[in-house]
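What follows is a single structure, written as structure tokens, with notes after it.
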Amino acid sequence: MLSASLKPPPSLAPISPSSRAPAPAAAASFPPLLPSRGRVRLSAAASEGATVSQEDAASVSAAFEEARLAQFAADWKAVRADKDQGKVLTLPVLRSNTGGLILKYNSMQGFVPNPLLSPAHWCKDPKRPIQDVTKDLVGSSVSVKVVEANEAEKKLVFSEKDASWSLYSSQVKIGGIYDGIVGSVFHYGAFVHLQFPDGNYHLTGLVHISEVSWDLVQDVQDFLTEGDTVKVIVVNVDAEKSRIGLSIRQLEEDPLLETLDKIIPLEPDLSPDAEAASSPPEIELLPGLDGICNELLQEDGITDVRFGRQALEKRVVSQDLELWLSSVPAKDNQYKLLARAGRQVQEVYLTTSLDQEGVKKAVQRVLGRVP
């Protein structure tokens, strides 16, 4: 009994290490309550701050957009005013593309198409592609005028040519002679870039097909090619349309005002009858000239019409019959006319009591009647 009583009670039986319940390690997987509540409060504050930051960012963005639109509106108003005033602007070149230059105008960008660039750039090296020329202008500044400012279509176009006209056209006078470089060539004529005293080619004029040569010109490209150097004279300046008319042939002696003395030497003792006899037998009278001469005899003051010498020239001046009053002064009331068509030229002598102006008017009346 005593030994039995000495047995430890079942509740006090020793516990083996392997059978012990896990110590408070279980508490590590569950954070204390207080720290957990603190994190909840911090998370809520961060969320509130994020909401405030988003609202501030939206407010800043709206303000920025409002300011940007206001600046655009102000710039469009300013550029329209510059256009209306014809103001010459100096603007920086931001970049180039195959079509032209992009310029900076305050907060906006505008475009200068290649055809509206000054010829001064291309004329430095006419054989160089225009795209290579415009690349070299990036980073520089150019003088331009506004030619289109369309806010609705967001279209802003500048012209360097228009600015050059404003800056240099006052120097161009009728009768002025310039060295030039031929630009584009068309069926109706050729554009020539004019060299100014500073060595640059600031303006461009047109040589009409009728002013290319005294020879018969059927195709301008037979006479002029892009890049050719030529000498021209100014024959017209149209300030309203910004156009310059040029001539190449007027720098040469007008062959229609020459006398036949430069073609067939005239002996001092030869009379008109002898001159007619000296005409080459194979040359016939110009078609239509006989009818014109008969009409001239119907004019008051003209008493006689006689044919003089004939000749064939080296070049064709005109296919149509043309009649010109010679610059040779009248002798014994006798004036000399020159009739030309193709390469053939014929002298016609008028005996008249009219003065030179009277003969001229008589000839004009006759040419108006004869088809």
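Observations, loosely collected:
- Nitroxide proxy distance, nm - points 7 Å out along Cα→Cβ at Glu240 and Val147: 2.1
- Magnitude of the charge dipole, region 172-251, Cβ model with Lys/Arg +1 and Asp/Glu -1, debye to 20: 260
- Projected label distance in nm at Thr90 and Ser140, using a 7 Å step from Cα toward the beta-carbon: 1.4
- Straight-distance crosslink candidates among aspartates and glutamates, where the alpha carbon sits under 16 Å from Lys77 and sequence neighbours closer than 8 are dropped: Glu148, Glu151, Glu153
- For Lys83, the lysines whose Cα falls under 21 Å of its own Cα, not counting residues fewer than eight places away in the same chain, are Lys104, Lys145, Lys154, Lys155, Lys161, Lys241.
- Per residue accessible area in Å² of region 65-165, where ligands, DNA and RNA are left out and the probe is 1.4 Å: 53
- For a straight C-alpha distance cut-off of 17 angstrom, the lysines reachable from Lys336 (same-chain residues fewer than eight places away being disregarded) are Lys262, Lys360, Lys361.
- Highest mean first, the peptides 117-129, 198-210 sorted by other C-beta atoms within 10 Å per residue fall in the order 198-210, 117-129.
- Amide hydrogen neighbours beyond the local backbone of Val147, cut-off 5 Å, H modeled: Val157, Phe158, Ser159
- Put simply, when 354-361, 188-195 are sorted by average Cβ atoms within 10 angstrom per residue, most first, you get 188-195, 354-361.
- Put a plus charge on the Cβ of each Lys and Arg, a minus charge on the Cβ of each Asp and Glu, and nothing anywhere else: the dipole of region 108-229 about its Cα centre is then about 420 debye.
The values are calculated or read from the model by the stated rules, or taken from the named source; none is laboratory data. What you see is a predicted model; the values in this text were computed from it and never measured. Cβ coordinates were reconstructed from backbone atoms using ideal geometry, including for glycine residues, and neighbour counts include every protein chain displayed. Accessible surface areas use protein heavy atoms only, side chains included; no ligands, DNA or RNA. Shrake-Rupley method; radii C 1.70, N 1.55, O 1.52, S 1.80 Å.
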